Amino acid sequence: MCLMALFLLPLLTGQAQDVVVRRNTTTTTTTTTTTSVSRKPQDRVVKPPKPKVTTGTLSITSTPSGAVVKIDGKYKGETPLTLEKLNAGSYSVTFSQEGYDSQTQKVTISAGKNATCSATLKKKQSQQPVVQQPTPQNVTTTPTSDIQTFSAGGVTFRMVRVEGGSFTMGATSEQGSVAKSDESPVHRVTLSTYYIGETEVTQALWEAVMGNNPSNFKGANLPVEQVSWEDCQNFIRELNRMTGKRFRLPTEAEWEYAARGGNKSQGCKYSGSNAIDKVAWYTNNSGNKKHEVRTKSPNELSIYDMSGNVWEWCQDWYRSYDASSQTNPSGPSTGSGRVNRGGGWNGNARGCRVSDRSNGAPSSRSRNLGLRLAL
């Protein structure tokens, strides 16, 4: 009896059941709370994936230098040349230069790696159809050799000798407060002797060589315009085929030295004068149009229109100056814009100064942008 009483007493009073229920409730609540805390988003650390590198760099050289480089048939520049951010894969690199046999190589670009491609070009053993030697009607040299006269397709043009020397390039004192930041720092440059066009390339010459006239304003003796830097390279290659010479665009340093008057320079703000209207067609006097070449006064070297009329492409990639002295600089090996110089018929006087600089994408064209030859 005593034992049964002890067993039945908790059941009758309900105390034991209450205790169990309260303990189960507490346990359940505690477990739920702990699970909720462990799932808070701020307690998790998620690291973003590293970007995958898919491009590489290709450095291209040749002996001799100055070879035209095409990759998969597309023009890329002249050696030495460095191309960045090329997609990984295999490419066909073609080297070509007047007087030498072309050469093609295969190169593989690996992601995140630097690849090199070099060619030693061999001179052509015999006359090839693409290299025509000058004939009497193509080239005439004056007795003094200060000016050489050439002809292509029946159109004559003249090149002026620029005696080599040294000069200070950039925002020299006569440029005053209108000089731009990219014209500094000034620096000394030494150049070898070269020839530069007496005038900008005319539409008559372009059409005689290329068989077309892309210009917006038509006229045989007007400077050609609406030509890209790449178009100019094609024109020069065809002109060289016709004449057997090695014409090219001037470097930026060659352009400025000639515009300043070379070793005959009088230190003018514009090419040949401090009075812009004497030497340049620009927005204040052009009548909103370009003009025939040689209709303004020449500079100290008898070169015309290096200030105004149309801007002129140079060979160099555009970059900032540095203060170091340089000899025959040719600019950086790569870039995004090619230099153009001289100002134009629809621009202001500031852009016509001999130290002013501009640039554009090699494929860009404009109705106020043409070219001048160098040799």
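The values are calculated or read from the model by the stated rules, or taken from the named source; none is laboratory data. Being a predicted model, the structure only gives us computed values, none of them experimental. Cβ: placed from backbone, ideal geometry, glycine included. Neighbour counts: every protein chain shown. Heavy atoms of the whole protein, side chains included, go into the accessibility calculation; ligands, DNA and RNA do not. Shrake-Rupley method; radii C 1.70, N 1.55, O 1.52, S 1.80 Å.
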* Structure fact -> Looking only at lysines whose Cα falls under 19 Å of Lys74's and that sit 8 or more positions away or on another chain, we get Lys85, Lys106
* Positive minus negative residues near Arg365 (Lys, Arg vs Asp, Glu; Cβ under 11 Å) -> -2
* Structure fact -> Between Leu121 and residues 5 or more places away or on another chain, the pairs with built amide H atoms under 5 Å apart involve Thr63
* With a/c under 1.5 counting as rounded, go ahead and sort region 190-299 into rounded, prolate or oblate using the C-alpha gyration tensor (a ≥ b ≥ c being the square roots of the eigenvalues; past the cut-off, prolate if a/b is larger than b/c, else oblate). => oblate
* Modelled label-to-label distance, Ala111 and Ser302, 7 Å Cα→beta-carbon offset: nm? -> 6.3
* **Surface per residue (accessible, 1.4 Å probe) for region 225-375, Å²** => 36
* Count the net charge of all other residues whose Cβ sits under 15 Å from the Cβ of Asn87, scoring Lys and Arg as +1 and Asp and Glu as -1. => +3
* Asked: Which lysines have a Cα less than 18 Å from the Cα of Lys269, not counting those fewer than 8 places away in the same chain?
  -> Lys180, Lys278, Lys296
* Structure fact -> Mean projected area, convex hull of alpha-carbon positions in region 234-279, reported to one decimal in nm², is 4.7
* Structure fact -> Spelling it out for Asn340: with amide H atoms placed in the peptide plane at 1.01 Å from N, the residues 5 or more places away or on another chain with amide H under 5 Å from its amide H are Cys314, Ser358, Asn359, Gly360
* Can you pull the one-decimal nm distance between simple spin-label points at Ser65 and Thr193, each 7 Å off the Cα toward Cβ? => 2.3
* To do: Quick one: net charge around Gln175, please, counting Lys, Arg +1 and Asp, Glu -1 for every other residue with C-beta under 15 Å from its C-beta.
  => +2
* Output ³J(HN,Hα) for region 295-305: one whole-Hz value per residue in order, computed from phi by the Karplus curve 6.51 cos²θ - 1.76 cosθ + 1.60 with θ = phi - 60°, and x for Gly and Pro. => 9, 10, 5, x, 8, 4, 9, 6, 9, 9, 6
